[in-house]
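Only one structure is covered here, and it is reproduced in the block below.
The values are calculated or read from the model by the stated rules, or taken from the named source; none is laboratory data. The structure presented is a predicted model; accordingly, all values stated were derived computationally and were not measured. Counting neighbours? That spans all protein chains shown, and the Cβs are built from the backbone with ideal geometry, glycine included. SASA here: full protein model, heavy atoms, side chains in, ligands and nucleic acids out. Shrake-Rupley method; radii C 1.70, N 1.55, O 1.52, S 1.80 Å.
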Amino acid sequence: MKNLLEYWDNMAQALAGKNIILFLDYDGTLAPIADSPWKAVLSEENKELLEWLVLIPRYQVVIISGRTLVDIKQTVGINGVVYIGNHGWEIEGSSMHFESLISLEVSSVMEKIKYELITELSNVQGAFVEDKGITFTVHYRMVARDKEIIVRRIFEQICRPYQRQNMVKIHEGKKAFELRPPVEWDKGKAALWVLKKQEILRGRGNVLPVYVGDDKTDEDAFEALKDKGITIFVGTSQFSSAQYCLAGPQEVTELLKHMIYGAYEKL
């Protein structure tokens, strides 16, 4: 996979004259992966760069995350950004608002599973359940390696029967299991929803989506946007469907600088 910074001239040419939707994942992309979500802090440099980007009229910055909408808005805290939480289930910003409708039956099942997991994992040091309202996540990054199999076994025993009945969807991330409602919705579909809104506003053919992410959940967006924009994987995996890669959050910072400088050079 080609490192984007080494092919910046190609990128600059693609961006020229377009209105850009810049989709940015948070954990592992804008901020380094941490043992727990509350330790993943946005650097002052990246926050300042994002604040510059939202001032450029042809850019729409979108932060897309598995965190709740409330969490990601508070964590980033920049006006003018479109925030997408819960892997696409919540969208808000720039006159956009979207919130999925989940049936009472599905909500009840999700609550039941959540409390079963909290109870069973309470004796596994380092494991915890992050309640996101519509979805929730089992984290085990802080679990001792020889105990990870216990977390997986508990999760499988509790959740797989519901998955077989199509009452929940399961997604595996980095040292985490995501449980979501059984609806075909993900980061890719959320990105397409935002793209359509921007095309209505700015004109079809005038909008270029650029998506930057590091997790398995971002692959849905890479697939959805592969013929529509530019997709960038953050990390060293050789199995991503993204067009380009960046080595880590430090190179994402360099990308943001390139995009700002490139925009102002045209003024």
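Among the residues of segment 196-211, how many are out of contact with any helix residue (DSSP H, G or I) (no Cβ under 6 Å at 6 or more places or on another chain) and at pLDDT 95 or above? It would help to see each step written out before you state the result.
Looking only at segment 196-211, we keep the residues that are out of contact with any helix residue (DSSP H, G or I) (no Cβ under 6 Å at 6 or more places or on another chain), and these are 196-206, 208, 210.
Subset that is at pLDDT 95 or above: 208, 210.
Residues meeting the conditions: 2.
If you check residue 129 against the conditions, is it among the hydrophobic types (A, V, I, L, M, F, W, C) and either under 15 Å from the mean Cα position of the chain (by Cα) or assigned to a helix (DSSP H, G or I) (or both)?
Numbers: among the hydrophobic types (A, V, I, L, M, F, W, C): yes; either under 15 Å from the mean Cα position of the chain (by Cα) or assigned to a helix (DSSP H, G or I) (or both): no.
In short, no.
Within segment 44-65, is even one residue in contact with a Ser or Thr (Cβ under 6 Å, 6 or more places away or on another chain), in a loop (DSSP other than H, G, I, E, B) and not basic (Lys, Arg)?
Among the residues of segment 44-65, not one is in contact with a Ser or Thr (Cβ under 6 Å, 6 or more places away or on another chain), in a loop (DSSP other than H, G, I, E, B) and not basic (Lys, Arg), which makes the answer no.
Criterion first (open to solvent by 40 Å² or more (accessible area, probe 1.4 Å), farther than 19 Å from residue 87 by Cβ and either among the aliphatic types (A, V, I, L, M) or in contact with a Ser or Thr (Cβ under 6 Å, 6 or more places away or on another chain) (or both)) does residue 243 satisfy it?
On the way: open to solvent by 40 Å² or more (accessible area, probe 1.4 Å): yes; farther than 19 Å from residue 87 by Cβ: yes; either among the aliphatic types (A, V, I, L, M) or in contact with a Ser or Thr (Cβ under 6 Å, 6 or more places away or on another chain) (or both): yes.
When the stated conditions are applied, residue 243 passes them.
Just checking, how many residues over segment 2-27 are of a type in the set (A, V, I, L, M), open to solvent by 30 Å² or more (accessible area, probe 1.4 Å) and closer than 22 Å to residue 207 by Cβ? So that I can check it myself, show each step before the final result.
Residues of segment 2-27 of a type in the set (A, V, I, L, M): 4-5, 11-12, 14-16, 20-22, 24.
Narrowing the set further to residues that are open to solvent by 30 Å² or more (accessible area, probe 1.4 Å) leaves 5, 12, 14, 16.
Within this subset, residues satisfying the condition of being closer than 22 Å to residue 207 by Cβ are 12, 14, 16.
Summing the residues that are of a type in the set (A, V, I, L, M), open to solvent by 30 Å² or more (accessible area, probe 1.4 Å) and closer than 22 Å to residue 207 by Cβ in segment 2-27 gives 3.
Can you pull out the residues in segment 89-101 that are open to solvent by less than 50 Å² (accessible area, probe 1.4 Å), of a type outside the set (Ser, Thr, Tyr) and out of contact with any strand residue (DSSP E or B) (no Cβ under 7 Å at 6 or more places or on another chain)? Lay out the reasoning, then the answer.
Step one: filter segment 89-101 for residues open to solvent by less than 50 Å² (accessible area, probe 1.4 Å), giving 89-91, 93, 96, 98, 100.
Retained after the next criterion (residues that are of a type outside the set (Ser, Thr, Tyr)): 89-91, 93, 96, 98.
Within segment 89-101, just 89 meets the criteria.
Report, by residue number, each residue of segment 189-209 that is part of a strand (DSSP E or B) and either open to solvent by 10 Å² or more (accessible area, probe 1.4 Å) or polar (S, T, N, Q) (or both).
Within segment 189-209, 207, 208 meet the criteria.
Filter segment 210-265 down to residues that are farther than 11 Å from residue 191 by Cβ and either without any contact (Cβ under 8 Å) to a residue 60 or more places away in the chain or assigned to a helix (DSSP H, G or I) (or both), then give me how many there are.
Here is the first cut: in segment 210-265, the ones farther than 11 Å from residue 191 by Cβ are 212, 214-217, 219, 226-227, 230, 232-265.
Cutting the leftovers down to either without any contact (Cβ under 8 Å) to a residue 60 or more places away in the chain or assigned to a helix (DSSP H, G or I) (or both) gives us 216-217, 219, 226-227, 236-237, 239, 241, 249-265.
Of the residues in segment 210-265, 26 are farther than 11 Å from residue 191 by Cβ and either without any contact (Cβ under 8 Å) to a residue 60 or more places away in the chain or assigned to a helix (DSSP H, G or I) (or both).
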